[in-house]
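The values are calculated or read from the model by the stated rules, or taken from the named source; none is laboratory data. Quick caveat: nothing in here was measured; it's all calculated off a predicted structure. All Cβ positions, even for glycine, are placed from backbone atoms using ideal geometry, and neighbour counts span all protein chains on display.
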């Protein structure tokens, strides 16, 4: 499919574990010319907190950042603009793009719930098409529903299921009740002769220690278990390669499926998840996916003994990054996700 061949695309995105660059690479492989910029003026811990909770306090810095970006882009022409998440972007920048690119198509996508990112709601009316990974938000706000995806490097593991070291692996940012749930999984593994790999990441030491003081779920968090440096994409991929199953602990306030869900299934690995909404999705089957209760962690050991059930090719393609891009850029329609909304 070459419908993006020679098209010019501007992407503004928050940084999310290098996926913004993987999106750029995939679009480039599809023949497009892509420019990408950070959606936030700064990625310091303080600026992220202020932008999310009280954006007006950061108004001057945001204005200055986007005015400089407008100077840089004033003589460029784009066919598409893709905004991912949209925490900081001011409406005057979107107006600028529209005025300077008469036929530009504006696309918005969020992988966070609007409950967690209320700033994302402010500019929805300025876009030609808007998408969310969250089923409830799609229904509540009348926008398109499109789940996340897995990148191509996970697909390379799909049929590689030898040399397994871990029965269960967990890799994730420390938030909510993730640690307590993961530790209960670890205890089950130890009691049943299974190996578990666990990696907890915090983007800020300050945030971690504040959480230990004020949040009950963090008080039992052993400091030796936390890292303030995230794993690289290649390191995560290697853990997946050596694992039978991946543990996914969704945020309690999110209805949508995490990126971890798609990475896991895209890599041909079994999924253990706390999100019961996965039952609504076309790729759900009990041979590949086990749902656990956040409050009462328990497993059927037989889950780890059966083979991973491969997906039919069309569904697998729809779950991929290429499939995601084809739908978000309105190059191909899929009926898989509409059924999720109706259930």
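Counting only residues that are assigned to a loop (DSSP other than H, G, I, E, B) and more than 15 Å from residue 224 (Cα to Cα), which one in the stretch 171-203 is modelled with the lowest pLDDT? Only one residue tops the list, namely 176. Residues in the stretch 64-76: is at least one within 26 Å of residue 330 (Cα to Cα), part of a loop (DSSP other than H, G, I, E, B) and at pLDDT 90 or above? Yes.
State yes or no: is residue 114 touching a helix residue (DSSP H, G or I) at 6+ places or on another chain (Cβ under 9 Å), in the same structural domain as residue 32 (by TED's automatic domain parsing), under 30 Å from residue 255 (Cβ atoms) and crowded, with 21+ Cβ neighbours inside 10 Å? Judged against the criteria, residue 114 is not a match. Farther than 22 Å from residue 253 by Cβ, surrounded by 15 or more Cβ atoms within 10 Å (Cβ to Cβ) and in contact with a helix residue (DSSP H, G or I) (Cβ under 7 Å, 6 or more places away or on another chain), is that true of residue 47? Yes: the conditions hold for residue 47. For the stretch 117-133, the set of residues classified as farther than 16 Å from residue 253 by Cβ, part of a loop (DSSP other than H, G, I, E, B) and either out of contact with any strand residue (DSSP E or B) (no Cβ under 6 Å at 6 or more places or on another chain) or free of Cβ contacts under 8 Å to residues at least 12 places away in the same chain (or both) consists of 122, 123, listed by residue number. How many of the residues making up the stretch 211-227 are out of contact with any strand residue (DSSP E or B) (no Cβ under 6 Å at 6 or more places or on another chain) and surrounded by 13 or more Cβ atoms within 10 Å (Cβ to Cβ)? Total meeting the criteria: 6.
Among residues of the stretch 193-212 that are over 15 Å from residue 179 (Cβ atoms), those with a Cβ under 6 angstrom from a residue that is loosely packed, with under 15 Cβ neighbours inside 10 Å, sequence gap 6+ or separate chain, pair up as 204/45; 205/228. Residue-level check: of (1) buried (at least 18 other Cβ atoms within 10 Å of the Cβ); (2) modelled with pLDDT of 95 or more; (3) not in a strand (DSSP E or B), residue 81 misses just (3).
Being buried (at least 19 other Cβ atoms within 10 Å of the Cβ), over 24 Å from residue 173 (Cβ atoms) and at pLDDT 95 or above is a condition met by no residue of the stretch 296-303. Scanning the stretch 312-333 for residues that are within 18 Å of residue 168 (Cα to Cα), within 21 Å of the chain's Cα centre (by Cα) and assigned to a helix (DSSP H, G or I) turns up nothing. Only residues that are free of Cβ contacts under 8 Å to residues at least 12 places away in the same chain and closer than 23 Å to residue 46 by Cα: list them for the stretch 220-247, please. Matches in the stretch 220-247: 223 only.
A search for C-beta distances below 9 Å between a residue of the stretch 260-280 that is at positive phi and any residue that is surrounded by fewer than 24 Cβ atoms within 10 Å (Cβ to Cβ) and assigned to a helix (DSSP H, G or I), counting only pairs 6+ apart in sequence or on different chains, returns 268/155.
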